[in-house]
Amino acid sequence: MSKRLTRRNFIRLAGLGTAGAGLGLAGCAPREPEVNGRVEGRVVVVGGGSGGATAARYLKHHAPELEVTLIEPNESYYTCYAGNWYLGGFRELRTLRHGYHTLRDEYGIQVIHDRARDIDLDGHRVETAENGSIAYDRLVVAPGIAFDWDRVEGMDGDDTIAVPHAWWGGAQYSILRGQIEAMDDGGTVVICPPDGPYRCPPGPYERMSLIAHYLKQHKPRAKVLALDPKDSFSKQGLFEEAWEELYGDMIEWVPAADGGKPDRISVRDRKVFTDGGGAEHRADVLNVIPPQKAGAIAERAGLTDGDGWCPVDQRTFRSTRHDDVYVVGDAAVAGDMPKSGHAANNQAKLVAASIVSELRGHEVPSFPTVNTCYSLAAPDWGVTVAAVYEYRDGAMRSVEGAGGLSPEGASREFRKREADYAPGWYASITRDIFG
C-alpha cells in the first residue's frame, strides 16, 4: 500500500470496498448459534442515507438469511453531494432523489418509513414514532448530522426558510436556488461556511464556485462573498486557482484572520456581523451553514461524546459507548477519514462485514477503506481528492503515497476530464448504495 495508486487501481479498490472481503476468519464467539452455516439474528439500521442504506444492503449481500430492518422516515433520499450542481443550474433536483424499492424488493430488506425516537440500549430495542418497539441483536446507527444552533447567535432552526442552510438534500436546496434566481443583478450572495468538523469539507467552496457560475451566466454584476470562521479549507489552492481563472473578482473569501468569522446573524435584515461585531455585511441572499454534530437520535441514546460526535472503535466502527451498536457515516469519529458520502459508504461495508463475521464466530476482517471526492468549480472544471485509509495506532489513518490530489496548474483539458468523471462517480456510488 506504500506506492502511489493509479486511477484505475484506486477505482478498483473503491468499487470493491469490502464487498469482496473474505469473512471466513476466526475470533469472537457469536451470541446467536450458527445453524447449518446460516446466521440467525436481526440487525436494525437506523438512518437510510449513504451509510445506513449501504450497511443494510451489504449485510444482506454477505448473509441473505439475516433479518435486516432499515428505519428511515423519508420515502426518498436526496443526496447532498451533487446538490451544488443543482444550485449551479446544470442538474435537476429530481436526479438527486433515490428510493428504497430495490433494497426492499430485490434484497429483502424490511424498510420501515418511520422516525426512530429513542434507543433502549439495554433492552436492545428501537422505539419508533408509529411502529412501536423494534427489537435487534445488532444495531447500526447512521443518523447523519444535526445542527448545533447553540453556536449560532441570532438564528435557529425556525429561520431556515428565510435563511436556508441547504446542507440537507431536497427542499432546502430548492429554497436557496429560488432565492438566487429571484435576486436582482448586482446583488450579493453571502455564504457562511461552518467551523469544523462538518459534512463535506470542500462543499461550501464548491458552492461558492457554482453559484458564481450561475451568476456569471444570468446576473453578471452579482457577487459571492464568503465569511469564514476558518483560515484554510479543503482543496484551497485548487479552488483559488479556478476562481481567479473563471470568475475574477466575482468571488471574495474572507478568512477568520482577516475578520471573516461571523459573530451574529440578523435574519430579518439578512445581515452578518463579523470582527467582534464591528463589521456589518448585508446579503441579498444569505446562506448560513451552521456548525454540526451527530444526528439527534445518537445524542438521545447516549452515543455521543462531549464534542457531539460518536466515538467508535475505528477498526470495526463499534460504539465505544455500548456493545452491539455500530455507528457509521458523518456521526462517527473516524480518524483521518472525512465526513463524506463515499467515506460513509466504505465504513458501512466494513461494519456489514464485521457484524456478519462476528455472528458466524469468525475474526472480524481488516482491510483498507477509501474516499474520493469530486468538486466542480464549473461544469467543465473539476478537481479531485482520493485517499486510502488503514487501521493503525488505534485509528483510521491515511496511507502515505496512496490516492492523491489534482495537480495545481493543470490545463483546461485536464480540468475538463476531471469534470467529465464526476457524473460517472455519482452514478456509481449511488447505485452501490441504493441499487
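The values are calculated or read from the model by the stated rules, or taken from the named source; none is laboratory data. In this text, all values refer to a predicted model and were calculated from it rather than measured experimentally. Note that we place each Cβ from the backbone using ideal geometry, even for glycine, and neighbour counts take in every protein chain shown. Accessible surface areas use protein heavy atoms only, side chains included; no ligands, DNA or RNA. Shrake-Rupley method; radii C 1.70, N 1.55, O 1.52, S 1.80 Å.
Label reach from His61 (point 7 Å along Cα→C-beta): in the stretch 345-378, amide nitrogens under 15 Å belong to 345-357, 367-371.
Per atom type, the stretch 190-282 shows carbon and sulfur on 41% of its accessible surface, probed at 1.4 Å. Between the alpha-carbon centres of the stretch 50-72 and the stretch 79-146 there is a gap of 11 Å. Straight-distance candidates among the lysines for linking to Lys60, with alpha-carbon spacing under 29 Å and chain neighbours fewer than 8 residues away dropped: Lys339, Lys349. Given R₀ = 22 Å, what would the calculated FRET efficiency be for Gln110 paired with Glu40, taking r from the Cβ atoms and rounding to 0.05? After rounding, the FRET efficiency stands at 0.90.
Under a 5 Å amide H cut-off, with hydrogens placed 1.01 Å from N, Val312 pairs with Thr320, Val333 among residues at least 5 apart or on other chains.
When you restrict to C-alpha pairs under 8 Å that are six or more residues apart and normalise by the size of the chain, the relative contact order lands at 22 percent. Take Ser366: with every protein chain present and a 1.4 Å probe, its accessible area is about 90 Å². For the stretch 310-319, 3J(HN,Hα) computed residue by residue from phi via the Karplus equation (6.51, -1.76, 1.60; θ = phi - 60°) reads 9, x, 9, 6, 6, 6, 10, 6, 6, 4 Hz, glycine and proline entered as x.
Database remark: amide H of Ala294 closer than 5 angstrom to the amide H of Ala146, Trp309 (H placed geometrically; neighbours at sequence offset of 5 or more, or on other chains; Pro and chain starts carry no H).
Near Asp118, the amide H atoms lying under 5 Å from its own belong to Glu127; only residues 5 or more places off or on other chains count, and H is placed 1.01 Å from N.
Site pair Asn74 and Arg315 shows an inter-label distance of 3.6 nm when each label is modelled 7 Å from Cα along Cα→Cβ. Calculated mean residue ellipticity at 222 nm for the chain: -8500 deg cm²/dmol, from DSSP H runs with n ≥ 4 weighted as -39500 (n - 2.57), summed, divided by the residue count and rounded to 500. Whole-Hz Karplus values for the stretch 217-231 come out as 7, 10, 9, x, 8, 7, 9, 10, 10, 10, 10, 10, x, 10, 10 Hz, taken residue by residue from phi with 6.51 cos²θ - 1.76 cosθ + 1.60 and θ = phi - 60°; glycine and proline positions read x.
Pairwise Cα separations in the chain fall into 20 Å bins from 0 onward with the following percentages, short to long: 26, 56, 18, 1.
Give the distance, in whole Å, between the Cα centre of the stretch 236-294 and the Cα centre of the stretch 358-377. Here the answer is 35 Å between Cα centres. Couplings 3J(HN,Hα) for the stretch 130-136, derived from phi with the Karplus relation 6.51 cos²θ - 1.76 cosθ + 1.60 (θ = phi - 60°), are 10, 10, x, 8, 10, 7, 9 Hz, where x marks Gly and Pro.
Relative contact order for the stretch 259-321 using alpha-carbon pairs under 8 Å, separation at least 6, rounded to a whole percent? Don't skip to the answer; put the middle values down first.
On the way: 73 pairs, mean separation 10.7, N = 63.
About 17 percent, as a whole number.
Only Lys, Arg, Asp and Glu carry charge here, each on its Cβ (+1 for the first two, -1 for the last two); on that basis the stretch 241-318 has a dipole of about 660 debye about its Cα centre. Alpha-carbon geometry of the stretch 101-239: the Rg and the Dmax are 20.1, 61 Å, given in that order. Accessible area per residue for the chain is 41 Å², calculated with a 1.4 Å probe on protein heavy atoms, without ligands, DNA or RNA. In summary, the aspartates and glutamates within cross-link reach of Lys235, defined as a Cα separation below 13 angstrom excluding same-chain residues under 8 places away, comprise Glu206, Glu408. Between Ala129 and Ala257, the modelled label-to-label distance comes to 4.6 nm, taking each label 7 Å out from Cα in the direction of the beta carbon.
Computing FRET efficiency as 1/(1 + (r/R0)^6) for Glu245 and Arg431, where r is the C-beta to C-beta distance and R0 is 35 Å, gives about 0.60. Under a model in which nothing but the beta-carbon of Lys, Arg (+1) and Asp, Glu (-1) is charged, the stretch 144-184 shows a dipole of about 220 debye around its Cα centre. Structural descriptor for the stretch 184-342: relative contact order 24 percent, calculated from alpha carbon pairs under 8 angstrom and at least 6 residues apart. Between rounded, prolate and oblate, where does the stretch 395-435 land on the alpha carbon gyration tensor, with a ≥ b ≥ c its root eigenvalues, rounded for a/c under 1.5, else prolate if a/b exceeds b/c? Verdict is oblate for the stretch 395-435.
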